[in-house]
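To start, the structure itself, in structure tokens.
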Amino acid sequence: MTVNMKQMIAETLAGLLKHKSIDKITVRELVDACGICRQAFYYHFQDLMDVVEWLTAQALQRAVDEGLAAPTPQEALTSMILSMRENKSLIHHLLASQRRQEIERLLVRSTRLYLEKLFRAKAENLMIRPDDLETAIRFYSYGLVGLLIENLDTAKDVSVLSGQFYGLITGQLWDSSRHS
């Protein structure tokens with residue numbers, strides 16, 4: 001059976017990240033944990049952040065697939081929130097590193113791609129100019145990432161949180177008739 005080396009390296013790093021910050025992990029430690037040589041690592045990745053980016057891209061693709069399969073946009077948001085919560089120790093250790101800004105940009109970029117694909121697939125009849133849609137997606141990406149990071153450890157019900165996110169995105173949160 002062929003081993004997917006990139007996947008093995010990424011999963012091993014994810015396992016290490018559940019216990020400590022990326023600042024405390026070395027390529028040497030990672031290759032030792034994988035049982036491979038440094039050349040094998042550098043054949044597949046440039047550095048540890050390259051592995052993190054690859055892991056994020058894989059998670060994004062899974063999230064997009066699940067989101068597109070969800071019956072409603074709110075359920076797609078629920079899926080994204082659950083995914084973040086399932087990976088909260090990994091996210092905490094990444095954010096606790098000296099690369100926090102880089103990690104936050106990566107999360108925003110991934111969320112932006114997620115929302116863009118979701119909007120294009122689930123809201124094809126949306127009557128909005130392309131540049132306005134781009135601005136809205138950027139705005140919601142930053143807001144959602146901030147709120148998700150803030151709510152990683154809360155006991156807040158995921159369906160309530162996704163309902164609030166969906167209400168913000170659709171403008172329903174501001175609809176006064178909803179609160180009567």
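List of remarks:
- Compared with the direct C-alpha span, the chain from Asp131 to Glu102 gains 7.9 nm at full extension, assuming 0.36 nm per residue.
- Rounded to 10°, Cα long-axis angle of helix 130-150 versus longest principal axis of the chain: 60 degrees
- For Cα Rg over 2.2 N^0.38 Å, the value computed from the atomic coordinates appears in the list (1) 1.16; (2) 1.08; (3) 0.94 under label (1).
- Exceedance of the 29 Å cut-off in Cα-Cα distance is limited, within the set Lys24/Lys88; Lys24/Lys156; Lys6/Lys156, to Lys24/Lys156; Lys6/Lys156.
- Exposure rank, largest accessible area first [Met8, Met49; 1.4 Å]: Met8, Met49
- When the residues Ser83, Ser21 are ordered by accessible surface, computed with a 1.4 Å probe over the protein chains alone, the sequence from largest down reads Ser83, Ser21.
- In nm, spacing of pseudo-spin labels at Glu75 and Glu150 (7 Å Cα→C-beta vector): 2.9 nm
- Each Cα pair under 8 Å and six or more residues apart adds its sequence gap; the mean of these over the residue count of the chain is a relative contact order of 24 percent.
- Shape call, segment 52-102: gyration tensor on alpha carbons, a/c limit 1.5: prolate
- Using alpha-carbon coordinates, inclination of helix 73-86 to the longest axis of the chain, degrees: 30 degrees
- Cα gyration tensor shape of segment 7-52, rounded if a/c is under 1.5, else prolate or oblate by comparing a/b with b/c: prolate
The values are calculated or read from the model by the stated rules, or taken from the named source; none is laboratory data. Just so we're clear, the structure is a prediction, and the values are computed from it rather than from any experiment. Positions of Cβ are backbone-derived with ideal geometry, glycine not excepted, and every protein chain shown enters the neighbour counts. Only protein heavy atoms, including side chains, enter the accessible area calculation; ligands, DNA and RNA are left aside. Shrake-Rupley method; radii C 1.70, N 1.55, O 1.52, S 1.80 Å.
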